Amino acid sequence: MHVDRTTAADAQEPDARGEVCSIQRSLDILGQKWAFLIVRNALRGTTRFSDFRKELGIPTDVLSARLSTLVDAGIFERESYQEAGSRIRHAYRLTRRGQELKVVLAALQQWGEENRPAPGLPATYIQERGGGDVQVAMLDENGRVLDIDDVRLMPAEVARGIRSRASGGSHPVDEARPGQG
């Protein structure tokens, strides 16, 4: 079985456009569906290997490989525990970095509920205090919610030029390059 391992050198490798893309670096670690489902279950409170395996129906070798990748990436911490009469086992606890994936999973879930609805009630994100519903949104630097049509993904050099121009700087913006954005 092939196990994907990302090294620091891989994480800095430019894509076809010569960019070092944070989406690409993230997918090097999280690009398998099992990685997201493991994190999802951990957010629901699962910590033990046997529970992940039972809840997800994931093959043992795949679970072991994904957990190793997630531990190596600092998304989980591995903790040893031992029940009376049993061998030492490991529990997997989300780190702060792993907890931050809550936003990514909430966005995926929100998109899925709107664009790929299924019968029944899906799990939902609520505020810990107060129980209010939560939605993922894009905000500007002042915390205002932006319409999705007002947001564009673009190369850093173009964004830097737009920011500079907006703040009164004189950095030229190369908007004529094909394939940008």
Report task. Select from region 76-117 the residues that are over 29 Å from V134 (Cβ atoms) and in a loop (DSSP other than H, G, I, E, B) and list them in ascending order. Result -> Q82, E83, A84, G85, S86, R87, I88
Report task. Return a yes/no flag: does region 128-135 have any residue that is part of a helix (DSSP H, G or I) and of a type in the set (D, E). Result -> no
Query raised in the report: Can D61 be described as assigned to a helix (DSSP H, G or I), out of contact with any helix residue (DSSP H, G or I) (no Cβ under 9 Å at 6 or more places or on another chain) and open to solvent by 50 Å² or more (accessible area, probe 1.4 Å)?
Result: yes
Requested in this report: Can you run down the residue pairs with Cβ atoms below 6 Å, 6 or more apart or on separate chains, where the first is in region 155-175 and within 23 Å of Q24 (Cβ to Cβ) and open to solvent by less than 40 Å² (accessible area, probe 1.4 Å) and the partner is at pLDDT below 80 and part of a loop (DSSP other than H, G, I, E, B)?
Outcome: P155/Q180; V158/Q180; G161/H171; G161/V173
Report summary line: Condition set among the hydrophobic types (A, V, I, L, M, F, W, C), within 21 Å of the chain's Cα centre (by Cα) and farther than 20 Å from T46 by Cβ, scope region 88-141, selection most open to solvent (accessible area, probe 1.4 Å): answer is W111
Query raised in the report: Residue check, P122 against (1) outside any helix (DSSP H, G or I); (2) within 27 Å of R25 (Cβ to Cβ); (3) in contact with a helix residue (DSSP H, G or I) (Cβ under 7 Å, 6 or more places away or on another chain); (4) not polar (S, T, N, Q), all met but one. Which one?
Result: (2)
Requested in this report: Please work out which residue is most open to solvent (accessible area, probe 1.4 Å), limiting yourself to region 49-58 and to residues that are in contact with a helix residue (DSSP H, G or I) (Cβ under 9 Å, 6 or more places away or on another chain) and closer than 18 Å to I88 by Cβ.
Outcome: R53
Query raised in the report: Applying the selection to region 66-87, what residues are aliphatic (A, V, I, L, M) and either at pLDDT 95 or above or surrounded by 14 or more Cβ atoms within 10 Å (Cβ to Cβ) (or both)?
Result: L67, L70, V71, A73, I75
Requested in this report: Would you confirm whether any residue within region 51-65 is closer than 16 Å to I29 by Cβ, within 16 Å of the chain's Cα centre (by Cα) and modelled with pLDDT of 90 or more?
Outcome: no
Report task. Tell me, please, whether a residue that is among the small types (G, A, S) and touching an Asp or Glu at 6+ places or on another chain (Cβ under 7 Å) can be found in region 30-42. Result -> no
Query - Matching residues in region 33-53 - criterion: being part of a helix (DSSP H, G or I) and out of contact with any strand residue (DSSP E or B) (no Cβ under 9 Å at 6 or more places or on another chain) - result: K33, W34, A35, F36, L37, R40, N41, D51, R53
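The values are calculated or read from the model by the stated rules, or taken from the named source; none is laboratory data. Everything numeric in this text was worked out from a predicted model, so none of it was measured. Cβ atoms come from the backbone with ideal geometry, glycine included; neighbour counts cover every protein chain shown. With ligands, DNA and RNA removed, areas are computed over all heavy atoms of the protein, side chains included. Shrake-Rupley method; radii C 1.70, N 1.55, O 1.52, S 1.80 Å.
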